[in-house]
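Below: one structure, written as structure tokens.
The values are calculated or read from the model by the stated rules, or taken from the named source; none is laboratory data. Note that this is a predicted model, so its numbers are computed, not measured. Cβ: placed from backbone, ideal geometry, glycine included. Neighbour counts: every protein chain shown.
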Amino acid sequence: MTATIITMYIFVLLLLLSQHYGKLAYVWLTKPLASFAFVILAIQAGAFYSYIGILFFIGFLFSWLGDVLLIKKQTFIFGLFCFLLTHIAYIIAFYSLGISILYFIIAFLVTLFLGLFIAIWIIPHVEKRLVMPVIIYMLIIALMLSAAIATNNIIIMIAALLFCASDISVARDQFMHAKFFNIVWGLLFYYTAQALLALNLNLI
């Protein structure tokens, strides 16, 4: 699994270089390969050995497809839908692991409160046709983060927080400030989150 993780980060580095220098053809090559690495990592960690593992694997597959669709701005909405399905798969997986309802309610209320400020910050910059999908997505990711916290699993909690942070970078890059720095920390957080979730399958 170590080799798969190293390979993933190598492709992430190549992806960052491709985006920095505007080499779209190389982005189309490196991004699917970087994302395919965490799919392979999940298989190596035993994704097919349990119902929960299969749920995570489904999430990883939708993530891979979402990553490909997000390469082009014209297919952003389809990529967003794929990640919506990813988070739904993760929510079901977290629930299946066992969650504290009290922690979930508290985390969800806090997440909604913080999400309101993020929405006020981002929504004015979103195209009208995308406002409702983005709001729905933000609600689902709030549920995902809350469910992750409610599992009381530190690896899952860190992964979910990193995933949410990476989504903020995508929103900034897509709707507000298209800067390379957003891409750097967003991709590093995102791939680290997916790797942690895949590796956690070893502990289930």
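Summary of values
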quantity	calculated
Meets criteria (crowded, with 19+ Cβ neighbours inside 10 Å, among the aromatic types (Phe, Trp, Tyr), free of Cβ contacts under 8 Å to residues at least 24 places away in the same chain and in a helix (DSSP H, G or I)) for PHE57	yes
Qualifying positions in the stretch 163-180 - over 12 Å from the mean Cα position of the chain (by Cα), closer than 19 Å to ASP67 by Cα and part of a helix (DSSP H, G or I)	ALA171, ARG172, ASP173, GLN174, PHE175, PHE180
TYR49, sole failed condition from (1) over 18 Å from the mean Cα position of the chain (by Cα); (2) closer than 23 Å to PHE181 by Cα; (3) surrounded by fewer than 19 Cβ atoms within 10 Å (Cβ to Cβ)	(2)
Which listed residue, of THR192, THR111, is over 18 Å from VAL12 (Cβ atoms) and among the β-branched types (Val, Ile, Thr)	THR111
Residue within the stretch 183-190 that is touching a residue at least 12 places away in the same chain (Cβ under 8 Å), hydroxyl-bearing (Ser, Thr, Tyr) and within 23 Å of GLY46 (Cα to Cα) present	yes
Any hit, the stretch 81-104, residues being under 13 Å from the mean Cα position of the chain (by Cα) and more than 30 Å from ARG129 (Cα to Cα)	no
Residues of the stretch 80-121 classified as of a type in the set (Gly, Ala, Ser) and surrounded by fewer than 16 Cβ atoms within 10 Å (Cβ to Cβ), total	3
Residue check, PHE38 at pLDDT below 95 and assigned to a helix (DSSP H, G or I)	no
Any hit, the stretch 14-26, residues being of a type in the set (D, E, K, R) and at pLDDT 95 or above	no
